[in-house]
There are 2 protein chains.
Amino acid sequence: MSKEITPRQTDHAQWYNDLILKGGLADYSAVRGCMVIKPYGFALWENMRDQLDRMFKDTSHVNAYFPLFVPRTFLEKEEGHAEGFAKECAVVTHYRLKVNPDKKGELMVDPESKLEEELIVRPTSETVIWNAYRDWIQSYRDLPLLINQWANVVRWEMRTRLFLRTTEFLWQEGHTAHATADEAVEETRKMLDVYADFVENWMALPVIKGVKTPNERFAGAVDTYCIEALMQDGKALQAGTSHFLGQNFSKAFDVKFLSRENKLEHVWATSWGVSTRLIGALVMAHSDDQGLVIPPRIAPLQVVIVPIYKGDDQKALIDAKVSEIMKELKAMGVSVKYDDADNARPGWKFAEYELKGVPVRMAIGARDLANNVVEVARRDTKEKTTVSMDGISAYVKSLLDDIQSNLLERARSFREAHITRVDTWEEFKQVLETKGGFVSAHWDGTGETEEKIKEETKATIRCIPLDNPQEEGACIFSGKPSRERVLFAVAY
Amino acid sequence: MSKEITPRQTDHAQWYNDLILKGGLADYSAVRGCMVIKPYGFALWENMRDQLDRMFKDTSHVNAYFPLFVPRTFLEKEEGHAEGFAKECAVVTHYRLKVNPDKKGELMVDPESKLEEELIVRPTSETVIWNAYRDWIQSYRDLPLLINQWANVVRWEMRTRLFLRTTEFLWQEGHTAHATADEAVEETRKMLDVYADFVENWMALPVIKGVKTPNERFAGAVDTYCIEALMQDGKALQAGTSHFLGQNFSKAFDVKFLSRENKLEHVWATSWGVSTRLIGALVMAHSDDQGLVIPPRIAPLQVVIVPIYKGDDQKALIDAKVSEIMKELKAMGVSVKYDDADNARPGWKFAEYELKGVPVRMAIGARDLANNVVEVARRDTKEKTTVSMDGISAYVKSLLDDIQSNLLERARSFREAHITRVDTWEEFKQVLETKGGFVSAHWDGTGETEEKIKEETKATIRCIPLDNPQEEGACIFSGKPSRERVLFAVAY
């Protein structure tokens with residue numbers, strides 16, 4: 001496979017696919033809409049998952065595992081939820097195949113194995129989990145219940161894109177139960193903060209925290225909070241959501257508890273999730289025409305060292321020095337690889353690690369060794385520097401921190417430059433067409449206007465930012481009065 | 001729910017279920033044959049998974065993720081494999097539900113969403129993975145490919161039991177590709193060793209390594225290696241398998257590579273897996289009539305400290321001391337909890353942590369504090385000792401090691417006492433009926449005899465042990481000549 005990457009400006013969608021396929025993150029599979037997450041992509045996901053998992057545990061959550069299958073009648077119990085998910089789900093109707101008597105070597109569904117009640121492959125687990133919570137919660141002493149699950153889910157998407165929208169994807173879903181509405185809202189907001197912290201400080205991607213309009217809410221939620229990120233092509237991407245579910249699911253599944261005041265009350269709920277979609281966001285936010293750019297704190301490989309030599313004697317000297325450096329770096333918790341494979345030239349290796357987004361590359365030649373220096377290239381800016389070998393590990397360690405903050409700052413500057421305040425419909429359309437990004441504008445608060453704006457411009461209301469300043473204004477579309485601006489964008 | 005455990009002698013199956021349900025490991029779910037793994041059970045699985053994952057990575061394996069769904073035609077490609085799995089699989093036939101026009105509030109399968117080709121929820125992933133490997137492997141330079149996947153799988157079992165046999169279960173499946181048969185066999189054996197190391201040294205459960213007879217082989221394998229453990233009721237349990245798949249899957253999916261000698265050859269394969277079934281083995285191997293007994297190295301909680309006090313003044317003194325001890329223990333990497341909840345008496349707590357199998361319990365009262373001592377109870381032997389506070393952390397740390405090795409030794413003694421050599425059919429039947437355990441006996445090597453023995457006694461050949469001594473003998477059933485003994489047992 002050619003390793004050439006289509007430039008961003010030529011074809012953004014193809015650039016994105018090239019990065020993922022040629023960078024070794026994922027591959028298409030034979031199953032419609034499903035992808036294979038390849039080892040390099042999965043190592044990235046493991047780093048993201050492990051950090052999120054630590055953050056969940058630090059906020060008193062525990063993990064559990066609930067069944068893959070949702071009985072059809074469970075989905076029916078919460079009306080809004082059913083409407084949202086019934087149209088796009090994988091349905092198990094039978095539990096056996098048999099030899100096809102008419103076609104040699106073929107199997108067919110055994111009609112005698114039809115299930116009395118169909119099973120849905122979980123698109124999300126509220127129903128299965130709240131059905132279990134009914135048995136687990138009796139008293140206020142059983143609350144709060146703070147449970148998270150790492151799982152695969154399936155939504156039968158018609159148009160799929162690697163990581164961004166796949167039929168099956170990996171995610172975590174938190175499902176918590178509380179004695180009061182206030183406590184549940186607090187949890188919803190707390191987990192939004194955890195997501196924002198993770199995406200900004202580990203993925204180096206600034207986000208705007210906000211709340212969704214009723215049109216954009218999760219099916220079954222009272223309020224959906226979200227974090228919204230901006231991609232380099234000016235489109236927004238929803239990076240995570242946290243839902244206040246009110247008593248919708250506790251009522252649908254009859255989950256009550258005896259309060260401190262000895263009253264039987266329905267439980268209050270939240271759910272929150274992020275998925276492998278975040279990898280798509282990561283790719284689109286930081287990468288360039290040479291390949292992926294992965295923030296050091298979640299990079300599967302942080303440093304690669306490439307030797308440049310002629311003959312075994314030079315190689316042996318370089319090996320010895322590299323072995324020292326690697327030992328020091330590993331002791332500092334830095335992941336490092338020495339690529340001394342003899343079947344590729346250094347230039348090919350440089351391009352390969354650039355493609356894979358390894359944050360720091362070191363090249364050591366015989367002359368460098370003689371001069372006690374090493375060439376260090378940083379992936380984010382592509383700057384190369386010749387650095388003394390003395391204290392090289394501390395230098396690299398600090399460079400990794402520098403790259404991490406530079407990526408965040410770069411993305412933040414881009415994002416700040418792409419939030420445009422507009423006050424007229426003409427301006428609104430023009431900004432979306434020419435500049436893209438978030439458009440901050442007044443809106444009359446109706447779903448009808450929201451729908452029409454979407455029809456005409458493809459832009460949706462990404463969120464009403466938290467702590468949004470209140471100001472008098474007129475809706476850019478209807479001209480009706482408005483009390484605050486909201487953020488519009490064309491989104492992934 | 002009553003926390004009383006049915007005694008082992010009264011009803012072994014009920015004892016097992018009581019331990020799992022009342023110990024908080026898992027719960028039944030509303031979905032037939034599927035269970036919910038509760039937080040305590042999942043924390044145990046996380047510890048097991050994380051250690052196995054480290055061992056896989058230490059042996060150069062990487063993780064990846066492949067689709068949940070197997071197209072029906074994939075399953076057909078390897079004949080033996082199809083025969084083994086087609087009879088018990090969840091089949092997805094449709095991708096949409098719609099509102100049932102005849103029944104208000106109900107959903108029904110939308111007949112217009114019928115899939116052209118059915119999708120099977122993976123019972124195992126050889127077919128999906130080998131289909132992907134076709135694109136990933138061209139040359140001997142791409143080999144070996146050493147990939148592992150942590151995933152959920154579904155096998156439609158008619159009779160299910162918590163952890164031991166559930167419709168959906170969690171597992172890992174390694175799938176490796178090699179240039180030569182020898183290298184693939186070596187990998188198969190290496191992973192068997194990894195499993196044995198894990199089960200013996202982390203789960204404290206001795207195992208016998210062996211190879212399966214053709215009747216008991218994995219569907220699609222050339223050879224199936226296994227580790228077999230013995231439960232307290234004298235039944236055997238297959239704790240893990242590692243398969244040499246020959247070229248069966250590379251031929252079925254046309255996966256070839258250009259060898260060093262520039263010849264196009266089919267790739268050699270292995271696969272190997274362990275699952276949440278191991279938790280069932282753990283429960284049955286070590287527990288007693290008071291509850292679970294969990295080996296310290298994988299215990300979700302290793303030490304619990306319970307205060308015994310009257311009034312706030314005593315409590316404050318105990319709190320201060322406990323805080324010191326906990327800090328020390330945590331610094332040593334010991335997981336420890338201070339249970340000072342005021343809604344339960346110490347005696348209730350003692351019973352609760354015994355039920356949950358926490359390896360070490362410490363109780364500290366006001367008088368203990370005055371005497372500078374603490375009461376330490378070990379879960380395995382239920383011995384209580386009064387120990388000086390001086391150096392208590394080092395004492396507890398060493399006690400945990402001691403419990404770990406004691407559990408292994410205890411299980412090993414039991415296992416050794418339950419391997420019985422027999423030379424006649426009468427003896428064979430009698431041992432199985434009265435004593436149970438492994439029966440070491442001569443067998444004529446035919447599947448027919450194996451089948452008949454199973455019909456008459458329910459015993460199967462668990463394995464032909466590795467490095468089995470060769471000795472002349474006569475088959476206990478047919479009297480025909482035999483060159484080695486094999487291990488029979490009634491198994492889970």
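The numbers here are math on the coordinates, done by the rules we state, and not lab data. Since this is a predicted model, take the numbers as computed values, not measurements. Positions of Cβ are backbone-derived with ideal geometry, glycine not excepted, and every protein chain shown enters the neighbour counts.
Percent antiparallel among DSSP beta bridges with both residues in chain B, to the nearest 5? Given both bridge residues lie in chain B, the antiparallel proportion sits at roughly 80 percent.
Largest first and in whole Å, the equivalent-ellipsoid semi-axes of the stretch B:90-219 read 38, 23, 12, each the square root of five times a Cα gyration tensor eigenvalue.
Measuring from a point 7 Å past the Cα of B:Asp50 along Cα-to-C-beta, which residues in the stretch A:56-73 have an amide N at less than 18 Å? Inside the label zone: A:56-65. Taking every Cα-Cα distance in the stretch B:1-138 and sorting them into 10 Å bins from zero, the calculated P(r) comes out as 9, 20, 27, 26, 15, 2, 0 percent. Distance between the modelled labels on A:Arg141 and A:Lys263, one decimal in nanometres: 2.2 nm (7 Å Cα→Cβ projection). Over all directions, the projected convex hull of the C-alpha atoms in the stretch A:419-489 averages 4.1 nm² in area. Per-residue Cβ neighbour counts within 10 Å put A:Glu112, A:Glu456, B:Glu157 in the sequence A:Glu112, A:Glu456, B:Glu157, beginning with the fewest.
Think of each Lys and Arg Cβ as +1 and each Asp and Glu Cβ as -1; about the Cα centre, that makes the dipole of the stretch B:346-492 roughly 640 debye. Positive-end ranking of B:Trp425, B:Cys463, B:Gly445 along the dipole of the stretch B:419-489, with charges on Cβ about the Cα centre, is headed by B:Cys463. Each peptide in B:250-258, B:20-28 was scored by the mean count of other Cβ atoms within 10 Å over its residues; highest first, the order is B:20-28, B:250-258. Please give the FRET efficiency for B:Arg345 paired with B:Lys382, using the beta carbon to beta carbon distance and R0 = 25 Å, rounded to the nearest 0.05. Calculated value: 0.85. Peptides A:410-421, B:118-129, B:466-477 ranked from most to least packed, by the mean per-residue count of other Cβ atoms within 10 Å: B:118-129, A:410-421, B:466-477.
Projecting the Cα atoms of A:Pro307, A:Ser335, A:Leu317 onto the charge dipole of the stretch A:303-399, computed from C-beta unit charges around the Cα centre, puts A:Ser335 farthest toward the positive end. Once you divide the Cα radius of gyration of the stretch B:296-403 by 2.2 N^0.38 Å, the number left is 0.98. All C-alpha pair distances within the protein assembly as shown, sorted into 20 Å bins from zero, spread as 12, 39, 37, 11, 1 percent across the bins. The mean of 1/r over all pairs of different alpha-carbon atoms in the stretch A:348-399, once inverted, gives a Kirkwood hydrodynamic radius of 11.4 Å. In the stretch A:419-489, the DSSP beta bridges split such that about 75 percent are antiparallel, to the nearest 5.
In this simple spin-label approximation, B:Arg134 and B:Asp289 carry label points 7 Å from Cα along the Cα→Cβ vector, and these lie 6.0 nm apart.
Peptide A:81-91 has a mean shielding of 5, counted as Cβ atoms of other protein chains within 10 Å of each residue's Cβ. The helix-based estimate of mean residue ellipticity at 222 nm for the protein assembly as shown, built from -39,500 (n - 2.57) per DSSP H run of four or more residues and divided by its residue count, is -11000 deg cm²/dmol to the nearest 500. For the stretch B:56-75, the residues whose backbone nitrogen is under 15 Å from a point 7 Å from the Cα of B:Asp254, taken along Cα to Cβ, are B:74. Here the calculated FRET efficiency for B:Glu456 and B:Gln9, from their Cβ-Cβ distance with R0 = 45 Å, stands at 0.95, rounded to the nearest 0.05. Summing Cβ point charges (Lys, Arg +1; Asp, Glu -1) relative to the Cα centre of the stretch A:303-399 gives a dipole of roughly 280 debye. Counting Cβ atoms of other protein chains within 10 Å of each residue's Cβ and taking the mean over peptide B:41-47 gives 3. Dipole magnitude for the protein assembly as shown: about 180 debye, using +1 per Lys or Arg Cβ and -1 per Asp or Glu Cβ, origin at the Cα centre. Positive-end ranking of A:Tyr65, B:Gln232, B:Met203 along the dipole of the protein assembly as shown, with charges on Cβ about the Cα centre, is headed by B:Met203.
Quickly work out the B:Glu375-to-B:Glu106 label distance, labels modelled 7 Å from Cα along the C-beta direction, and quote it in nm with one decimal. Result for the modelled spin labels: 6.0 nm.
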